[in-house]
Amino acid sequence: MSTLFRKIIDREIPADIVFEDELCMAFRDIHPQAPTHVLVIPKKEIPSLADARAEDQALLGHLLLTIRSLAVTLGLADGYRVVANCGAHGGQSVDHLHFHLLGGRHLGWPPG
Ligand code: DGP
């Protein structure tokens with residue numbers, strides 16, 4: 001069954017897309033937790049980080065380097081946080097691997 005994020009990739013659901021290439025897409029979170037809150041997802045349907053495999057190594061690297069570039073273009077010069085919630089205890093609510101890129105304010109630690 002198609003996840004919400006698959007529908008965003010397929011343009012069945014609108015999103016504020018800030019970046020896209022052949023491997024991934026980045027769009028603004030609908031419930032932002034910081035002035036900048038972007039989700040970076042692979043177009044390949046990997047349910048969570050726990051489901052990533054050795055064959056996904058290059059894709060995972062691409063996602064992180066994309067996040068790094070986005071942090072520059074989105075003006076997060078003072079720093080930012082990258083989060084991948086995984087599974088029930090991690091608080092994952094959408095079963096399509098995604099990295100949260102958060103910035104624009106000082107972020108507290110530890111997370112809840
Ligand atoms: P997580 O809880 O880590 O699985 O994060 C899922 C995020 O997805 C959450 O921060 C809210 C966001 N989200 C849920 N539905 C939509 C949607 O329809 N559009 C957008 N842009 N974001 C969504």
Looking at the range 10-23, which of the residues that are more than 8 Å from the ligand (Cβ to nearest atom) and farther than 21 Å from Arg68 by Cα is least open to solvent (accessible area, probe 1.4 Å)? Asp10
In this structure, is His37 in a loop (DSSP other than H, G, I, E, B) and near the ligand (Cβ under 9 Å from one of its atoms)? no
Under 6 Å by Cβ, and 6 or more places apart or on different chains, what pairs join a residue from the range 81-93 that is within 15 Å of Pro47 (Cβ to Cβ) and hydrophobic (A, V, I, L, M, F, W, C) with one that is open to solvent by 60 Å² or more (accessible area, probe 1.4 Å) and part of a helix (DSSP H, G or I)? Ala84/Leu49; Cys86/Leu49; Cys86/Ala50
Restricting the range 3-29 to residues that are free of Cβ contacts under 8 Å to residues at least 12 places away in the same chain and part of a loop (DSSP other than H, G, I, E, B), the residue that is nearest to Gly79 (Cα to Cα): Pro14
Exactly one of these conditions fails for Leu4: (1) more than 9 Å from the ligand (Cβ to nearest atom); (2) open to solvent by 50 Å² or more (accessible area, probe 1.4 Å). Give me its number. (1)
Criterion first (farther than 18 Å from Ile17 by Cβ, within 12 Å of the ligand (Cβ to nearest atom), in a helix (DSSP H, G or I) and free of Cβ contacts under 8 Å to residues at least 12 places away in the same chain) does Ala58 satisfy it? no
Scan (1) more than 10 Å from the ligand (Cβ to nearest atom); (2) of a type in the set (Gly, Ala, Ser); (3) open to solvent by 80 Å² or more (accessible area, probe 1.4 Å); (4) at pLDDT 95 or above for the single condition Ala26 breaks and write down its number. (3)
Considering only residues that are assigned to a helix (DSSP H, G or I), open to solvent by less than 60 Å² (accessible area, probe 1.4 Å) and away from the ligand (no atom under 14 Å from the Cβ), which ones fall in the range 70-96? Leu70, Ala71
Within the range 40-52, residues touching a Gly at 6+ places or on another chain (Cβ under 8 Å) and either assigned to a loop (DSSP other than H, G, I, E, B) or surrounded by 15 or more Cβ atoms within 10 Å (Cβ to Cβ) (or both) come out as Ser48
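The values are calculated or read from the model by the stated rules, or taken from the named source; none is laboratory data. What you see is a predicted model, and the numbers here were worked out from it, not measured in a lab. Quick reminder, even Gly has a Cβ in these numbers, built from the backbone with ideal geometry, and neighbours come from all protein chains shown. Note: accessible area is taken over every heavy atom of the protein model, side chains too, but ligands, DNA and RNA are not part of it. Shrake-Rupley method; radii C 1.70, N 1.55, O 1.52, S 1.80 Å.
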